[in-house]
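The structure under discussion appears below in the form of structure tokens.
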Amino acid sequence: MRKYRKAASDATFGYTMVAPALLLFLLFVIYPFFKGFWVSFHRWDGFSSMTWIGLQNYSFVMADDVFWKALKNTIIYAIASPIFKNVMGLALALLFVKSLKGMYLFRVSTYIPYTFGYVVVGVLWTWVYNPSFGLLNKALEVLHMPFLVQGWLSDPNIALYSVIAVDVWKCMGFHAILYLAGLNAIPRDLYEAADIDGANGWQKFRSVTIPQLNSTIVMSFLLATTGAFINNYDVVNIMTQGGPFNSTEVVLTHIMATAFKFGAVGKANAMSIILVAFVAIIGFIQLKAMTREDNYE
């Protein structure tokens, strides 16, 4: 009986500790999601009473050319950004793991951009990219490479990739820290055994480092991919507002414009539901693909 009471007391204590976080999750995640799902079936401008229209908002979204352009840009963003974040992050981690003079300062300076908000980063890089007095074009002129001078945010062909580069610059330090933790957890014995077998640097990287970092790679890619889908609004809105000619329009900026500029809150919620479903499917496929048993063999 005493053991039963102790177990019940422990369970009550655990639920009590979890309750505040669970309540916040229900209030700020679950409830808004289902509320948005309900609103997506209505015509609503955010102020007047809602009118039930069924699936019409979803039909409007399917016929919206800007939405499909924004979805295409979002997919490009969600492919390019995670790849470069992880490649650059792993490259930096392989450098960080070495005991070189001044390495601590280099680690800190690389991580600092991650602590900045996207608004700050967006404003900073808007100045860097400025075609008249921007640091980037001025540096290219000083280096006698005027043929590389571009309108980085005004050219529809490169504007999206210029924004992606900013996102990569901001976050690669965070991914470098993840990979550094993974590298430090790899037993040294594995590298010593590889040395005895006569393995060179590339063979050790391919056969020891990468397999041992598998779980870190999975987590890092999942974080980068989901972040690229749902955290791109601020930097895009600050730097380009979706222009020029919708070349940098992503789904989130189009949702915000649809809701607050055009007053079509129901349609905006329909786009949000579609985006959530799309991200969930992509995340599930990615998780399954990257956590297959044969990845660990």
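The values are calculated or read from the model by the stated rules, or taken from the named source; none is laboratory data. None of the values given here were measured: they were computed from a predicted structure. When we count neighbours, we look across all protein chains shown, and the Cβ atoms used for this are built from the backbone with ideal geometry, even at glycine.
What to note about this one:
- Condition check for Ala224: in a helix (DSSP H, G or I), out of contact with any Pro (no Cβ under 6 Å at 6 or more places or on another chain) and of a type outside the set (Phe, Trp, Tyr): no
- Any hit, segment 63-81, residues being over 23 Å from the mean Cα position of the chain (by Cα) and surrounded by 13 or more Cβ atoms within 10 Å (Cβ to Cβ): yes
- In this entry, Met50 passes the filter for residues that are surrounded by 11 or more Cβ atoms within 10 Å (Cβ to Cβ), touching a strand residue (DSSP E or B) at 6+ places or on another chain (Cβ under 8 Å) and at pLDDT 90 or above.
- Neighbours by Cβ (under 7 Å, 6+ apart or cross-chain): first from segment 51-68, of a type in the set (Gly, Ala, Ser); second surrounded by 13 or more Cβ atoms within 10 Å (Cβ to Cβ) and not in a strand (DSSP E or B): Gly54/Phe41
- Listed conditions (1) farther than 20 Å from Thr74 by Cβ; (2) in contact with a Ser or Thr (Cβ under 9 Å, 6 or more places away or on another chain) are all met by Thr225, apart from (1).
- Every residue from segment 230-255 that is among the aliphatic types (A, V, I, L, M) and buried (at least 17 other Cβ atoms within 10 Å of the Cβ): Val235, Val236, Ile238, Met239, Val250, Val251, Leu252, Ile255
- For segment 1-113, the helices (runs of 4 or more DSSP H) that sit wholly inside it and include 3 or more residues that are over 24 Å from Met256 (Cα atoms) are 2-25, 65-96.
- With respect to the conditions (1) in contact (Cβ under 8 Å) with a residue 12 or more places away in the chain; (2) surrounded by 15 or more Cβ atoms within 10 Å (Cβ to Cβ), Phe116 lacks only one, and its number is (2).
- Qualifying positions in segment 129-147 - crowded, with 16+ Cβ neighbours inside 10 Å and hydrophobic (A, V, I, L, M, F, W, C): Leu136, Leu140
- Where a residue in segment 261-285 is touching a residue at least 60 places away in the same chain (Cβ under 8 Å) and its partner, wherever it lies, is in a loop (DSSP other than H, G, I, E, B) and surrounded by fewer than 16 Cβ atoms within 10 Å (Cβ to Cβ), with Cβ under 7 Å and at least six apart: Gly263/Asp45; Gly263/Gly46; Val265/Asp45; Val265/Gly46
- Failed condition for Ala199, given (1) hydrophobic (A, V, I, L, M, F, W, C); (2) in a helix (DSSP H, G or I); (3) over 30 Å from Tyr129 (Cβ atoms): (2)
- Residue within segment 267-285 that is modelled with pLDDT of 85 or more, exposed (fewer than 13 other Cβ atoms within 10 Å of the Cβ) and small (Gly, Ala, Ser) present: yes
- Residues of segment 157-168 include none that is within 30 Å of Met219 (Cα to Cα), of a type outside the set (A, V, I, L, M, F, W, C) and modelled with pLDDT under 90.
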